[in-house]
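**Q** I'd like to ask you about the structure that follows.
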Amino acid sequence: MQEIIAKLTAKDDKYACAFADKIISESMDTDQWYAYFDDFASLLHHPKSLVRNRVLFILAANAQWDVENRFDAILQDYLALVTDEKPITARQCIKALAQVGKAKPQYIPEIIDSLHSADLSKYKDSMRPLIEQDIVETEKALAL
């Protein structure tokens, strides 16, 4: 597992991103990466925003395989990234939440509440409308 974490947090972002894309792609069709769910979740607080971005989508892709409801334990940490210090990470989180909600519909009310209560005032005027649009799109995707 240390090798997988090392690849996802590698200094070479191109390499790390390609590795994450491979995990995400494979996770759409198979649960082979679900065994590492808790390890991926441990990266939600990584100091590097690019690592957080990658892991958001890895976890979202694996939500469909979460028969053990491991996502329950990380949902609050995941939702906290809706207002990440980095606006790009906030946007990635909001987009990934559509996939999480589709795989885990029981989370939709909490996801919607989190999106509605998100304080976007800390973001620059140039980013805020983009984040707001992402919220609208995710809400549409999760509409029951």
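The values are calculated or read from the model by the stated rules, or taken from the named source; none is laboratory data. All figures in this text were calculated on a predicted structure; none of them were measured in a lab. FYI the Cβ positions are ideal-geometry reconstructions off the backbone, even for glycines, and counts take in every protein chain you see. Just so you know, the surface numbers come from the protein's heavy atoms only, side chains and all, with ligands and any DNA or RNA stripped out. Shrake-Rupley method; radii C 1.70, N 1.55, O 1.52, S 1.80 Å.
**Q** Quick check on packing: order 129-137, 97-105 by the mean number of other C-beta atoms within 10 Å, highest mean leading.
**A** Numbers: 129-137: 15.7, 97-105: 20.2.
Ranked by mean Cβ neighbours within 10 Å, highest first: 97-105, 129-137.
**Q** Could I ask something else about it? Cβ under 9 Å from Phe37's Cβ, Phe37 left aside: what net charge do those residues give with Lys, Arg +1 and Asp, Glu -1? Walk me through the numbers before you get to the answer.
**A** On the way: positive: Arg70; negative: Asp38, Asp39, Asp66, Glu68.
With Lys, Arg at +1 and Asp, Glu at -1, the net is -3.
**Q** Longer than 24 Å from Cα to Cα, which of Lys104/Lys124; Lys14/Lys48; Lys48/Lys122 are they? Say none if no pair is.
**A** Lys104/Lys124
**Q** Additional query: Under a 1.4 Å probe, what is the accessible area of the chain per residue, stated in Å²? Mind showing how you got there, number by number?
**A** Values: 7440 Å² over 144 residues.
Dividing the accessible area of the chain by its residue count gives 52 Å².
**Q** Of the peptides 1-11, 110-120, how do they stack up when ordered by the mean number of other Cβ atoms within 10 Å, highest first? Walk me through the numbers before you get to the answer.
**A** Details: 1-11: 13.0, 110-120: 15.2.
Final packing ranking: 110-120, 1-11.
**Q** Can you tell me the equivalent ellipsoid semi-axes for the chain? Use √(5λ) from the Cα gyration tensor, largest first, whole Å.
**A** Working: eigenvalues 111, 71, 30 Å².
In descending order the semi-axes read 24, 19, 12 Å.
**Q** Let me check I've understood the local charge: for Glu68, count other residues with C-beta under 14 angstrom from its C-beta, Lys and Arg +1, Asp and Glu -1. What total comes out? List each step's numbers first, then the result.
**A** On the way: positive: Arg70, Lys104; negative: Asp31, Asp38, Asp66, Asp72.
Surrounding charge for Glu68 is -2.
**Q** Roughly how many debye, to the nearest 20, is the charge dipole of the chain about its Cα centre, given +1 on each Lys and Arg Cβ, -1 on each Asp and Glu Cβ, and no other charges?
**A** Around 480 debye, computed over the chain.
**Q** What FRET efficiency would be calculated for the residue pair Asn69, Ser42, taking the C-beta separation as r and a Förster radius of 22 Å, to the nearest 0.05? Numbers along the way, then the final one.
**A** Details: r = 18 Å, r/R0 = 0.80.
That gives a FRET efficiency of 0.80.
**Q** How much length would be gained if the chain were fully extended between Asp119 and Ile88, taking 0.36 nm per residue of separation minus their Cα-Cα distance, in nm to one decimal?
**A** Details: separation 31, 0.36 × 31 = 11.16 nm, distance 1.52 nm.
The Asp119-Ile88 span can extend by a further 9.6 nm.
**Q** Go through Phe57, Phe19, Phe37 and list them by solvent-accessible area, largest first, probe radius 1.4 Å.
**A** Values: Phe57 50, Phe19 25, Phe37 0 Å².
Highest to lowest solvent-accessible surface, that is Phe57, Phe19, Phe37.
**Q** In addition: So which lysines pass the test for Lys102, namely a Cα distance under 16 Å, with those fewer than 8 places away in the same chain ruled out?
**A** Candidates past the 8-residue exclusion: Lys140.
**Q** Here's something else I'd like to know. Using 0.36 nm times the number of residues separating Glu3 and Tyr15, minus their current alpha carbon distance, what extension gain do you get? Please list the in-between numbers first.
**A** On the way: separation 12, 0.36 × 12 = 4.32 nm, distance 1.34 nm.
Working it through step by step, the gained length comes to 3.0 nm.
**Q** At a threshold of 8 angstrom on Cα-Cα distance, excluding pairs fewer than six apart, so keeping six or more, what relative contact order does the chain reach in percent? Show your work: numbers first, answer last.
**A** Working: 142 pairs, mean separation 27.3, N = 144.
It rounds to 19 percent for the chain.
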